[in-house]
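The values are calculated or read from the model by the stated rules, or taken from the named source; none is laboratory data. Since the model is a prediction, treat every value here as computed from it, not as a measurement. All Cβ positions, glycine included, derive from the backbone under ideal geometry; neighbour counts span all protein chains shown.
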Amino acid sequence: MATTGVGTETGAVIAGSAAADRGGLSNLRSISLPLGLAFLVLAGWQLAVTIGHIAPVILPSPISIVRYIIDRYDILLMHAIPTTLESAVGFILATLLGVALAIIITYSKVAREALYPNLVFFQLIPKIALAPLFIIWLGIGSQSRIAFSVFIAFFPVVIATTAGFMSVDRSMLRLCRALTASEWQIFTSVRFPSALPYIFSGMKIAITLAIIGVIIGEFITAQAGLGYLIIFATARADTEVSMAAIVVLCVCGLLLYGIVALGEWIANKFYAADTE
Amino acid sequence: MPQPTNATAAAGESPLVSVSKVQKTYLTRQAPVHAVASASLDVARGEFVSLLGPSGCGKSTLLMMIAGLEAPTGGLITLAGSEVKKPRRDIGIIFQDATLLPWKSALDNVLFPIRILKLPMESYRQRARDLLAMVGLTDFENKKPSELSGGMRQRVAICRALIHDPEILLMDEPFSALDAITRDQMNVALSEILETYKKTVIFVTHSIREAAFLSDRVVVMGGRPSTIVLDMKMPFPRPRRFEIEETAEFTSVCRKLRLTIEEAHGHPPAASNASSASRGGGVIE
């Protein structure tokens, strides 16, 4: 197989059908390998708990966690909704703020010189340490959790988007100027679409950080939400509940991440297609 | 060095492009760099003029000034009788890299100027297809740039430069990133395109053969600070075919151009000369 791979370009084209078959096989592998490993780990966990007689307070078994999720999905759902909504709102605001700051940094030299070093310095602060302050400033409602989530999540969007706006080919900008394009035309038809992959990679980091922000907020104050449920259940040594809440949190995170990935797919389709 | 007289192809008719005593000086921290000392040049309508010279001789700078992308620090450039102060719509421009939008198909890339110039998209779509057919890319109009070869991408860029039917085509070393074989093909393709879509062309290159093959006139730039050192008519008939490169006349023209370039740059580079050339080259190109 290795020898055919070293062939010339034409060789690769001729070997196209074989490559497709191999592609199908490796696709199967790329799904079955991680799934198999995860299954092995879960099975090992289950076995260790059953055979080793580990107390459920220390480590509940995967089966009991799943059973709890199925039995008490209503409670879990009730807590998952505010966490997911607040994360989504925090993420959207972080994205808007991040892109807006990136536009200012890109177009204003003064702003760039004034803002950028401060942003980087700001990034060095262990931001989680500031979470309690948000409670003092904004109270114990959603607004303080959302604000904290924005605070944690906007930075990667600024950095990635600025990099995206700056990455535009200089010849492309010259071409636009030679065609008498306005700054707005250059932004909408060249800079913004060129930056899209960067923006989305920033957004994918931001969505996970936004969830972390909300969970930390919930650890500190909330009366609802998965973060609250985890703290509450752990305090009562109800490890099974807190593990179930973590599993649901993973699902919510995957869901939000999936929405961002879908957004990227749609944006790419849109820019590839629109001719007008 | 005395300024050669500008032989305008069609005597009597006023030139389409007129460059007179144009200078360009960049202010750097150390000392001002004279990219172009004094260049004068007329280009008649329909003429193909190459600016030939080594890297750093100011030929690209001169082209960018004609495009209105850079302002001369002295002298005057006029296009169809009016002074060039900023970019204008009747110019098509082609760079060393094809600079296509990677998320757009070849056809949409060709139509990009129409979108920027806010012309009616529908009425240009057929023209875009004709242009792509002309360069042999009919079957590739829906392909993305990443699916095209370097030569194909540069052909798309040529179509894009022609789509809004500009009066004049400015080409800045358009084929220098291509391999030698593709480059020869592109030279033939370009002369064929220009037989169909008659344009005035100013073509920057550092390839002597390319300049001689394509041009009606070759203008050699050189010296430091840079001036025009030779303005020479190419005696070959049109349409140009590849066979002309094998004639003795072609060889002697190329030799003349090469000797002029070498002379302008000083004889075998003395140490001081070479160091200033490399420093200046970095600033200008």
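The residue that is farthest from the other protein chains (Cβ to nearest Cβ), counting only those in region B:90-104 that are of a type in the set (A, V, I, L, M) and under 17 Å from residue B:167 (Cα atoms), is B:94. Scanning region A:56-95 for residues that are of a type in the set (D, E, K, R) and touching a residue at least 40 places away in the same chain (Cβ under 8 Å), we see that the one that is surrounded by the most Cβ atoms within 10 Å (Cβ to Cβ) is A:86.
Results for (1) outside any helix (DSSP H, G or I); (2) farther than 20 Å from residue A:190 by Cα; (3) more than 11 Å from chain A (Cβ to nearest Cβ), shown as yes or no for each residue.
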residue: B:115; (1), (2), (3): no, no, no
residue: B:132; (1), (2), (3): no, yes, yes
residue: B:139; (1), (2), (3): no, yes, yes
residue: B:143; (1), (2), (3): yes, no, yes
residue: B:146; (1), (2), (3): no, no, yes
residue: B:160; (1), (2), (3): no, no, no
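Of all residues in region B:69-89, those that are within 14 Å of another protein chain (Cβ to nearest Cβ) have Cβ atoms under 7 Å from Cβ atoms of residues that are assigned to a loop (DSSP other than H, G, I, E, B) and surrounded by fewer than 16 Cβ atoms within 10 Å (Cβ to Cβ), 6 or more apart or on another chain, in B:89/B:117.
Could you tell me whether residue A:138 is surrounded by 15 or more Cβ atoms within 10 Å (Cβ to Cβ), of a type in the set (A, V, I, L, M, F, W, C), over 16 Å from residue A:206 (Cα atoms) and assigned by TED's automatic domain parsing to the domain that holds residue A:249? In short, yes. If only residues of region B:117-130 that are basic (Lys, Arg) and part of a helix (DSSP H, G or I) are counted, the one that is nearest to the other protein chains (Cβ to nearest Cβ) is B:125.
Note on region A:171-201: residues that are farther than 25 Å from residue B:171 by Cβ and within 7 Å of another protein chain (Cβ to nearest Cβ) total 1. In this structure, is residue A:257 within 14 Å of chain B (Cβ to nearest Cβ), among the hydroxyl-bearing types (Ser, Thr, Tyr), in a helix (DSSP H, G or I) and surrounded by fewer than 22 Cβ atoms within 10 Å (Cβ to Cβ)? Spelling it out, it is not the case that residue A:257 is within 14 Å of chain B (Cβ to nearest Cβ), among the hydroxyl-bearing types (Ser, Thr, Tyr), in a helix (DSSP H, G or I) and surrounded by fewer than 22 Cβ atoms within 10 Å (Cβ to Cβ).
Okay, residues lined up against (1) more than 9 Å from chain B (Cβ to nearest Cβ); (2) small (Gly, Ala, Ser); (3) out of contact with any helix residue (DSSP H, G or I) (no Cβ under 6 Å at 6 or more places or on another chain); (4) over 19 Å from residue A:112 (Cα atoms):
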| site | (1), (2), (3), (4) |
| --- | --- |
| A:143 | yes, no, yes, yes |
| A:150 | yes, no, no, yes |
| A:158 | yes, no, no, no |
| A:163 | yes, yes, no, no |
| A:203 | yes, no, no, yes |
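Just give me the residues in region B:218-256 being touching a Lys or Arg at 6+ places or on another chain (Cβ under 9 Å), of a type in the set (A, V, I, L, M, F, W, C) and not in a loop (DSSP other than H, G, I, E, B), in sequence order. B:218, B:219, B:221, B:230, B:232, B:250, B:254, listed by residue number.
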